[in-house]
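Computed from the coordinates by the stated procedures, all read-outs in this text should not be read as laboratory data. This structure is a prediction, so every number in the text was calculated from the model and none was measured. Please note: Cβ atoms are built from the backbone with ideal geometry, for glycine as well, and neighbour counts cover all protein chains shown.
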Amino acid sequence: MTLKLYGHPFAAFVWKPLIAAYVRGVPFEFCMIDAEHPDHCARIAELSPTGQFPALTDGAREVTQSNAVIEYLDRFGGAAPMIPADPDAALASRMLAAIFDSYVAEPMQQIVAEALRPEDQRDPRRVSEAKARLDKAYAWLARRMGAGWANGEGFSIADCAAAPALFYADWVHPIPAGALRAYRARLLAHPCVARVVNEARPYRPLFPLGAPDRD
């Protein structure tokens, strides 16, 4: 069966399974969600409770939510799985992935969402609260980042979550110099992360706050 991944190259949560698939060498068909592909848009509305992406199909099997898609991709490819075999490393990787999703990606998206609102409906307080959450997350993560990957082991689901979260978060609320910023730089130097960044580059004009000239 052909694996089909539904999403958009600029979407943060779509980066996560894209990175996993590239790292592990999993072949798939990318199904673009945009106005030019109404059939894909109709399909994602069936696959996801709210039409959000990514989602993956493998024949009749349907998988939604980015972390679940990454775990499913571990069934294919030849490289080390994104969920480590060691139970302790697996737990750490899943935990960190959830932290990057909930405490970095989510407030980052709240800031972006405010910029997308009509000007008379924007609330600076919501932006300030989101930035305060990011500050707390940055400090917590900086204390735990070593010189390698997120969980101190091999590249894992935690790094798949960290890459888009930190990439876009730094655009909306810069990460201070130190261990977390250095980790972001290591992520961007990873060939598979760099590939995803480059695939998303043509869509940067979509960013409502004005995409910076830097990665």
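At 7 Å along the Cα-to-beta-carbon direction for both residue 122 and residue 144, put a label point, then send me their distance in nm to one decimal.
The answer from the label model is 3.3 nm.
Using alpha-carbon positions, what is the distance between the centroids of the stretch 74-141 and the stretch 167-192, in Å?
13 Å
Please identify every one of the trypsin sites (Lys or Arg not before Pro) in the stretch 95-135 that sits in a loop by DSSP and has no more than 16 other beta carbons within 10 Å of its own beta carbon.
Taking the stretch 95-135 and a limit of 16 other Cβ atoms within 10 Å, the loop trypsin sites (Lys or Arg not before Pro) found are 122.
If I stretch the segment between residue 115 and residue 182 completely, what's the gain in nm (0.36 nm per residue apart, minus their alpha carbon distance), one decimal?
21.3 nm
If you place +1 on the Cβ of every Lys and Arg and -1 on the Cβ of every Asp and Glu, how big does the dipole about the Cα centre of the stretch 87-206 come out, in debye to the nearest 20?
240 debye
Can you give the extra length, in nm with one decimal, that the chain gains between residue 74 and residue 61 once fully stretched, where that is 0.36 nm per residue apart less the Cα-Cα distance?
3.2 nm
Work out from phi, with θ = phi - 60° and the Karplus expression 6.51 cos²θ - 1.76 cosθ + 1.60, the ³J(HN,Hα) of each residue of the stretch 183-191, listed in order in whole Hz, and give x for Gly and Pro.
Karplus values, whole Hz, x for Gly and Pro: 5, 4, 4, 5, 4, 5, 7, 5, x.
Starting from the amide H of residue 55, placed 1.01 Å from N in the peptide plane, find each other amide H under 5 Å away whose residue is 5 or more places distant or on another chain.
6
Once you keep just the Cα pairs under 8 angstrom separated by 6 or more residues, what percentage relative contact order results for the chain?
Relative contact order for the chain comes out at 23 percent.
Determine the dipole magnitude for the chain: charges of +1 sit on the beta-carbon of Lys and Arg, -1 on that of Asp and Glu, nothing else is charged, the reference point is the Cα centre, and the result goes in debye to the nearest 20.
580 debye
In terms of the Cα gyration tensor, with a ≥ b ≥ c the square roots of its eigenvalues, is the stretch 3-73 rounded because a/c is under 1.5, prolate because a/b exceeds b/c, or oblate?
prolate
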